[in-house]
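Contents: one structure, followed by commentary.
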Amino acid sequence: MKLPLISQEEIATPLKSFPSSSGQMFRNYFSQGRSWNFKKTDLLDTRARRIFETTALACAVDAYPYHMPLQAKAGPCVTADGQQMLMMSSYDYLGLIGDPRIDKAAIDAVKRYGTSTSGARLLTGTLDIHGEMEADLAAFKGTEDALTFSSGYMANLGVIYGLFGPSDRVIIDELCHRSLHDACRMAGVQVQRFRHNDPQSARDELKKSTTANRTLIISDGVFSMDGDICCLPELIALKKEFGCFLLMDEAHASGVLGATGRGTDEHFSIETGDIDIWTGSLAKSIPASGGFAAVSQEVAIFLQHSSSPYIFSAAMAASSVAAISKGLEILKEEPERVLCIKRNGDFLRAGLQSLGYDTGLSETAVIPVILKDEATTAFFARKLRNYGIIAAPVMFPAVAQGAARLRLCVTAAHTLEHLEFVLDAFRQLAN
């Protein structure tokens, strides 16, 4: 992909046409002069007004930042809205999307098994390669067993709802992924939040009197909005001291942390068995779809017969199953991809900081550029599109009000030229 620079004068007004920026996907729903008066008794109640008004405003000024349609396979360079773009917000950390070895494995699986299992795992949906793939996952994570779900979100729902209930409590980092908070609500557990990455705050919550039978501590390995790493050693110490259980969500840590990409435990040189439940995504570093739980054999067997998202969801398609196994195989053979992610992250983060941008707590492949104001963030993302750069804005309610940011993600497929181009764009926009 050619990366031509655009001058500050040229960037002052939109130069390129992006149909998604004006909300064309909504088929003129947000026409000028339209207003909304939702009532609390309507199907869309009063909560909808803010969403509709802010979306209408963004479309009106050609700065709607979401749903940009990709027109071919993703990677460091993509085609979107008819333009060649540099992708800076992809979770393809290992740079494996489009790898011919993975594509071939997926295609071969479709030829043998078709495009769907047409059944749930517990009934008629289990293929022989499901078991093989889950054994690969367990070996990768160093656990006795693993089971898979339709997404990382569903893995968290399935594990927490399948194992815990109203007679239990959860001590959870306040910045954990939304799926974990939703899972706790679904399970009806008693929830106590501790300050982000603050072991003393977690200790204070654990010391509070409770009638709960069991206590589960929950944290992300790498926090998806800030890019920092959890205080795992301290959480393990608290788990042992208070006799509770520990769940770690490795969605943004798998393939990213540790010498071989095993995750947070490898990063801290901790025994995998010190954590009771590992969950994660199979649609980020591993370029497939689905989510996983890596656990003991008896917990896996129990969840196969008790977890609603596992029992009542269609089984993962053979193409994804094959892609997962091949992705894990490539990671094992090519651990240098993990080092490349770290080098790229360190380079981009240092460059942004030298330009005066606030990258928050980031220390991994996830690099927020915190601009605070939502309108400023949306317009910044729109201006970056004129440079040919996709950088996803993250705003309330995904982050707190006043903490809006661009969330950049480096991958092993980004080159130094790509990252220097990004820094040059941010340099010009800082003036």
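Is there a residue being open to solvent by 30 Å² or more (accessible area, probe 1.4 Å) and under 24 Å from residue 325 (Cβ atoms) anywhere in the range 269-277? Step through it out loud before you land on a result.
Just the residues of the range 269-277 that are open to solvent by 30 Å² or more (accessible area, probe 1.4 Å), to begin with: 269, 271, 273-274, 276.
This time we only want the ones that are under 24 Å from residue 325 (Cβ atoms), so: 273.
Yes, the conditions are met somewhere in the range 269-277.
Confirm whether residue 166 is surrounded by fewer than 24 Cβ atoms within 10 Å (Cβ to Cβ) and under 28 Å from residue 367 (Cα atoms). So residue 166 fails the test. Restricting attention to the range 325-345, does a residue exist that is open to solvent by less than 60 Å² (accessible area, probe 1.4 Å) and touching a His at 6+ places or on another chain (Cβ under 7 Å)? So far as the range 325-345 goes, yes, one or more of its residues are open to solvent by less than 60 Å² (accessible area, probe 1.4 Å) and touching a His at 6+ places or on another chain (Cβ under 7 Å). Filtering the range 100-114 for residues that are closer than 27 Å to residue 415 by Cα, at pLDDT 90 or above, acidic (Asp, Glu) and part of a loop (DSSP other than H, G, I, E, B) leaves an empty set. Output yes when any residue across the range 298-306 is part of a helix (DSSP H, G or I), over 29 Å from residue 73 (Cα atoms) and open to solvent by less than 10 Å² (accessible area, probe 1.4 Å), and no when none is. For the range 298-306, residues part of a helix (DSSP H, G or I), over 29 Å from residue 73 (Cα atoms) and open to solvent by less than 10 Å² (accessible area, probe 1.4 Å): present.
Taken over the range 67-97, residues that are charged (D, E, K, R) and surrounded by fewer than 17 Cβ atoms within 10 Å (Cβ to Cβ) amount to 1. Does any residue of the range 195-203 turn out to be among the aliphatic types (A, V, I, L, M) and more than 21 Å from the chain's Cα centre (by Cα)? Yes; the residues of the range 195-203 include at least one that is among the aliphatic types (A, V, I, L, M) and more than 21 Å from the chain's Cα centre (by Cα). Within the range 237-273, being in a helix (DSSP H, G or I), under 21 Å from residue 292 (Cα atoms) and at pLDDT 95 or above holds for 264, 265, 266, 267.
Just to be sure I understand, how many residues within the range 104-145 are among the β-branched types (Val, Ile, Thr) and free of Cβ contacts under 8 Å to residues at least 24 places away in the same chain?
Looking only at the range 104-145, we keep the residues that are among the β-branched types (Val, Ile, Thr), and these are 107, 110, 115, 117, 124, 126, 129, 143.
Pick out the ones that are also free of Cβ contacts under 8 Å to residues at least 24 places away in the same chain and you get 124.
Of the residues in the range 104-145, 1 are among the β-branched types (Val, Ile, Thr) and free of Cβ contacts under 8 Å to residues at least 24 places away in the same chain.
In the list 152, 131, 165, 142, which residue meets the criterion of being more than 30 Å from residue 319 (Cα to Cα) and among the small types (Gly, Ala, Ser)?
165
The single condition from (1) in contact (Cβ under 8 Å) with a residue 12 or more places away in the chain; (2) over 21 Å from the mean Cα position of the chain (by Cα) that residue 407 fails is (2). Here the range 245-268 is the region considered, the condition is being surrounded by fewer than 20 Cβ atoms within 10 Å (Cβ to Cβ) and without any contact (Cβ under 8 Å) to a residue 40 or more places away in the chain, and the residue that is nearest to residue 175 (Cα to Cα) is 245.
Within the range 361-373, being surrounded by fewer than 19 Cβ atoms within 10 Å (Cβ to Cβ) and touching a residue at least 60 places away in the same chain (Cβ under 8 Å) holds for 361, 363. Annotation: residue 376 fulfils all but one of (1) open to solvent by less than 10 Å² (accessible area, probe 1.4 Å); (2) part of a helix (DSSP H, G or I); the unmet one is (1).
Tell me yes or no: at least one residue of the range 385-406 is part of a helix (DSSP H, G or I) and crowded, with 23+ Cβ neighbours inside 10 Å.
So in the range 385-406, the residues part of a helix (DSSP H, G or I) come out as 385-386.
With the extra rule that they be crowded, with 23+ Cβ neighbours inside 10 Å, the set shrinks to 385.
Taking every residue of the range 385-406 in turn, at least one turns out to be part of a helix (DSSP H, G or I) and crowded, with 23+ Cβ neighbours inside 10 Å.
Checked against (1) modelled with pLDDT of 95 or more; (2) of a type outside the set (Asp, Glu); (3) open to solvent by less than 70 Å² (accessible area, probe 1.4 Å); (4) in a loop (DSSP other than H, G, I, E, B), residue 129 passes all but a single condition, namely (4). Under the condition of being of a type in the set (D, E, K, R) and either assigned to a loop (DSSP other than H, G, I, E, B) or touching a Gly at 6+ places or on another chain (Cβ under 8 Å) (or both), which residue from the range 221-236 is surrounded by the fewest Cβ atoms within 10 Å (Cβ to Cβ)? By that ranking, first place goes to 228.
The values are calculated or read from the model by the stated rules, or taken from the named source; none is laboratory data. None of the values given here were measured: they were computed from a predicted structure. Reconstructed Cβ throughout: ideal geometry from the backbone, glycine too, with neighbour counts over all protein chains shown. Protein only, heavy atoms only, side chains kept; ligands, DNA and RNA dropped before computing areas. Shrake-Rupley method; radii C 1.70, N 1.55, O 1.52, S 1.80 Å.
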